[in-house]
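The next block holds one structure in the form of structure tokens; read it before the comments.
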Amino acid sequence: MTAMPQELLTQADVLLEGFLALETPEGFRAELIEGEIVVTPPPDGDHEDYIGLIVEQVILHSRTKMQFSGNKGLKLPSDGTLPDEHVIPDLTFAPRELRLYRGAEWWMPSDRVAMVAEVTSGRPRTDRETKRIAYARAGIPLYLLIDRGKSSVTLFSDPKGNDYLQIDTRPFGKPLPLPAPFSFDLGTADFD
């Protein structure tokens with residue numbers, strides 16, 4: 001009796017398999033970004049305050065009714081040499097009529113997501129650059145970045161390839177226009 005040859009796994013396959021099997025302590029987030037496993041500790045109170053301020057405004061002012069999640073992971077296409085990105089945005093918004101989160105697996109596809117938002121924390125480069133590139137590559141129409149280190153809020157829009165063509169940055173205290181399907185000015189006065 002001869003043994004069946006085992007399927008050869010690539011380094012990317014092994015990395016993805018190890019990532020998906022990873023168990024993190026409660027409150028920690030594990031993401032697979034650019035072939036690197038990134039584990040983030042639970043957010044601090046200021047981080048959560050920014051998230052609450054954004055959600056409140058979207059719910060109250062958005063022209064399109066939105067659903068949001070701060071827990072669902074997104075599976076994003078990689079550059080082809082690495083496994084797909086697996087990220088957990090601080091906020092993911094989708095039109096309510098889509099019921100996008102209903103029945104979705106933990107790592108859901110990013111198509112039909114209207115906007116993702118990140119609040120910088122211990123690794124601001126990840127939010128400023130790495131995730132921006134991943135979100136653009138996935139074609140997510142809007143990426144909202146609340147940059148605590150720079151006291152600014154930035155909206156990236158019009159994704160093309162590995163980046164966004166439009167960038168609108170405002171200092172905390174100045175409103176930031178959000179285009180359709182939101183169609184309102186995001187107030188940032190309370191971000192100071």
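The values are calculated or read from the model by the stated rules, or taken from the named source; none is laboratory data. Predicted model, so just to flag it, every value in this text is computed and none were measured. Every residue, glycine among them, receives a Cβ derived from its backbone with ideal geometry; neighbour counts consider all protein chains shown.
At-a-glance table
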{"quantity": "Residue match in region 2-10 (condition: polar (S, T, N, Q), modelled with pLDDT of 75 or more and either crowded, with 18+ Cβ neighbours inside 10 Å or part of a loop (DSSP other than H, G, I, E, B) (or both))", "calculated": "yes"}
{"quantity": "Matching entry among Ser78, Ser110, Ser121 (being in contact (Cβ under 8 Å) with a residue 60 or more places away in the chain, closer than 20 Å to Glu34 by Cα, surrounded by 14 or more Cβ atoms within 10 Å (Cβ to Cβ) and among the small types (Gly, Ala, Ser))", "calculated": "Ser121"}
{"quantity": "Residue selected from region 138-192 under the condition among the hydroxyl-bearing types (Ser, Thr, Tyr) and surrounded by fewer than 17 Cβ atoms within 10 Å (Cβ to Cβ), by the criterion farthest from Asp90 (Cα to Cα)", "calculated": "Ser183"}
{"quantity": "Enumeration of residues in region 93-107 that are crowded, with 16+ Cβ neighbours inside 10 Å and either of a type in the set (Phe, Trp, Tyr) or under 20 Å from Glu34 (Cβ atoms) (or both)", "calculated": "Phe93, Trp107"}
{"quantity": "Filter pass, Glu129 being under 14 Å from the mean Cα position of the chain (by Cα), under 16 Å from Thr169 (Cα atoms) and loosely packed, with under 14 Cβ neighbours inside 10 Å", "calculated": "yes"}
{"quantity": "Condition met for Thr188 (of a type in the set (Ser, Thr, Tyr) and under 16 Å from Val55 (Cα atoms))", "calculated": "yes"}
{"quantity": "Criterion: buried (at least 17 other Cβ atoms within 10 Å of the Cβ) and of a type in the set (Val, Ile, Thr) - qualifying residue of Ile54, Ile59, Ile37", "calculated": "Ile54"}
{"quantity": "3 or more residues in contact with a Cys (Cβ under 6 Å, 6 or more places away or on another chain): qualifying strands (runs of 3 or more DSSP E) within region 130-176", "calculated": "none"}
{"quantity": "Close pairs from region 33-62: first aromatic (Phe, Trp, Tyr), partner surrounded by 12 or more Cβ atoms within 10 Å (Cβ to Cβ) and part of a helix (DSSP H, G or I), Cβ under 7 Å, at least 6 apart", "calculated": "Tyr50/Phe191"}
{"quantity": "Residue in region 16-32 that is within 22 Å of Asp127 (Cα to Cα), at pLDDT below 75, surrounded by fewer than 16 Cβ atoms within 10 Å (Cβ to Cβ) and touching a Gly at 6+ places or on another chain (Cβ under 8 Å) present", "calculated": "no"}
{"quantity": "Residue list for region 22-32, filter: in a loop (DSSP other than H, G, I, E, B), closer than 13 Å to Ile88 by Cα and either touching a residue at least 40 places away in the same chain (Cβ under 8 Å) or in contact with a strand residue (DSSP E or B) (Cβ under 9 Å, 6 or more places away or on another chain) (or both)", "calculated": "Phe28"}
